[in-house]
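Only one structure is covered here, and it is reproduced in the block below.
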Amino acid sequence: MKVSLIEYAKKHQLWNESDRILVAVSGGRDSMALLHVLHSLNLSIGIAHINYHLRGNASDLDQELVENFAQKNDIPLFLKHADISATTQNTQLEARTIRYTFFDSIMQANNFASTATAHHLDDRVESLFLNLIRGTGIYGLNGIPVKRGKYIRPLLWASRADIDSYIASHNIPYRDDASNATNSYQRNRVRNEMIPLIESIDEQSITKLESSLSMLSEDISALKNMSETLLKKTGKGYDVWLKDLPNPSASTWLYHIMKPFGFNRQQAKDLLESTENGKKVIQQNWVAVKSTNTISILPAITDANKDLIIAEAGEFTFGSQSISITWKNEDPTFDPKNQQLFLNLTTKHFPLRIRAVANTDKFRPLGMSYDVSVKKFLQEKKVSPAAIADTLVVLTAQNDVCCIPGWQISEDFKLNENTRPLLSLSFKRNDN
């Protein structure tokens, strides 16, 4: 097992030699096998154990076993006593919340790079069938990931038979949780009834399923990479050009593009099929907006309500923009990209205010005799919602829009032959 685990850890880059690893140990055979093999590798490890007091004396005996192993092998032990609410609707969910909150706090306070849990191949196969029963898509079929954030699963390649063999050959003490033998939970029924039935059909079924899961994982990775090529970064948001979505499966591709942002398959389908320009779907952190040519994915919480107040000329930073404002007496040299603007302003127009475009903003475009909505002006130039959300306006102390950096200045503040000094505004994006 040791050789296979080392190869698996290297393949998936689970740790560096200098890393401290917290091992989640219940006292059962899986976690005790993981603890033993990681300790045998001379890694810097600690043990985390939680006594939920759900099984009376049996829970205390679990704790005693873990404590004895930690003391015998001089391994730091982090112990927590937890009381599950008698009125809880889901004991397993509450225990999981307690568990991961505890692990996170230990890692943060004690400089652990990761927490290793003892999930193994049979757990992954059980998750595959559970997710199929629940009606999952391709991502649910992938089952338990080998790495998620700071949580690693070094035994995900090992079958229950591999673990049993390792336990027996090294005479490792462990405790059995009697509740695992009951069929009170769906997972237990899959473990105790479905898996044995499948193995009775083919003794190599678990190994073959591991091969299928590995190929599925590679396919998912390829699908993610292909989807990302259809996503174009635009300031703080992203654009998906509708013409780039392959037909006839456009809504499926859109779902795979939007999924990393938390959107589901139905939201992607609704958005694509909507004939409403400006149609939105919202989830916790992102909002997706459909326009004529694009679907824009924007942060739900932005700096849109924050203003940069400029009392005098100088250097400033606002979001991803570096801004330079100076007074000049010489003739201006115009930037064809319009990122340097020259305006007919005086000190009476200060303080200036720079902020994101608001729905109520209006200005008089250069050469025009009437005011227009800033947003409508940008939309008519085929600017996507994501780009509009990242566009700034500059307002005078009198609350007049004097320019839209990168797009247009106002007719009311254009230069004339008598403009001296003139105000130079330079904008540079810092997207590194």
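The values are calculated or read from the model by the stated rules, or taken from the named source; none is laboratory data. This one's a predicted model, so the numbers in the text were calculated from it and none came from an experiment. Virtual Cβ from ideal backbone geometry, glycine too; neighbours counted across all protein chains shown.
Residues that are under 25 Å from the mean Cα position of the chain (by Cα), surrounded by fewer than 18 Cβ atoms within 10 Å (Cβ to Cβ) and either touching a residue at least 40 places away in the same chain (Cβ under 8 Å) or outside any loop (DSSP other than H, G, I, E, B) (or both) within the range 142-168 comprise Lys147, Arg148, Lys150, listed in sequence order. Identify all residues within the range 233-245 that are at pLDDT 90 or above and not in a helix (DSSP H, G or I); write none if there are none. Those that are at pLDDT 90 or above and not in a helix (DSSP H, G or I): Tyr238, Asp239, Val240, Trp241, Leu245.
Selection within the range 358-393: residues that are under 34 Å from the mean Cα position of the chain (by Cα) and β-branched (Val, Ile, Thr). The member of this set that is farthest from Lys236 (Cα to Cα) is Thr360.
Scanning the range 37-55 turns up one or more residues that are out of contact with any strand residue (DSSP E or B) (no Cβ under 9 Å at 6 or more places or on another chain), closer than 14 Å to Asn73 by Cα, modelled with pLDDT of 95 or more and small (Gly, Ala, Ser). Scanning the range 213-224 for residues that are outside any helix (DSSP H, G or I) and either on the phi < 0 side of the Ramachandran plot or touching a Lys or Arg at 6+ places or on another chain (Cβ under 7 Å) (or both) turns up nothing.
Exactly one residue out of Lys243, Lys224 is exposed (fewer than 15 other Cβ atoms within 10 Å of the Cβ) and closer than 23 Å to Asn285 by Cβ: that is Lys224.
When residues in the range 1-21 are screened for being out of contact with any helix residue (DSSP H, G or I) (no Cβ under 7 Å at 6 or more places or on another chain) and either surrounded by fewer than 16 Cβ atoms within 10 Å (Cβ to Cβ) or of a type in the set (Phe, Trp, Tyr) (or both), 12 of them pass. Surrounded by 16 or more Cβ atoms within 10 Å (Cβ to Cβ), more than 22 Å from the chain's Cα centre (by Cα), β-branched (Val, Ile, Thr) and under 30 Å from Asp219 (Cα atoms): does that describe Val37? No: the conditions fail for Val37.
Considering only residues in the range 56-70 that are among the polar types (S, T, N, Q) and modelled with pLDDT of 95 or more, the one that is nearest to Thr97 (Cα to Cα) turns out to be Gln63. Taking the range 400-421 as the range and being in contact (Cβ under 8 Å) with a residue 12 or more places away in the chain and surrounded by fewer than 20 Cβ atoms within 10 Å (Cβ to Cβ) as the test, the residues that pass are Asp400, Gly406, Trp407, Glu411, Asp412, Lys414, Leu415, Asn416, Thr419, Arg420, Pro421.
Give the residue that is nearest to the chain's Cα centre (by Cα), with candidates limited to residues of the range 179-218 that are under 20 Å from Ala161 (Cβ atoms) and acidic (Asp, Glu). If we take residues in the range 179-218 being under 20 Å from Ala161 (Cβ atoms) and acidic (Asp, Glu), then Glu210 is nearest to the chain's Cα centre (by Cα).
Condition check ((1) over 27 Å from Pro421 (Cβ atoms); (2) crowded, with 17+ Cβ neighbours inside 10 Å) across all residues:
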| position | (1), (2) |
| --- | --- |
| Phe318 | no, yes |
| Gln321 | no, yes |
| Thr347 | no, no |
| Met368 | no, no |
| Ser373 | yes, no |
| Lys382 | yes, no |
| Asp390 | yes, yes |
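Results for (1) touching a residue at least 12 places away in the same chain (Cβ under 8 Å); (2) in contact with a strand residue (DSSP E or B) (Cβ under 7 Å, 6 or more places away or on another chain); (3) not β-branched (Val, Ile, Thr), shown as yes or no for each residue.
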residue	(1), (2), (3)
Ser251	yes, no, yes
Ile257	yes, yes, no
Phe263	yes, yes, yes
Gln267	yes, yes, yes
Ser274	yes, yes, yes
Lys279	no, yes, yes
Ile282	yes, no, no
Thr292	yes, no, no
Leu308	yes, yes, yes
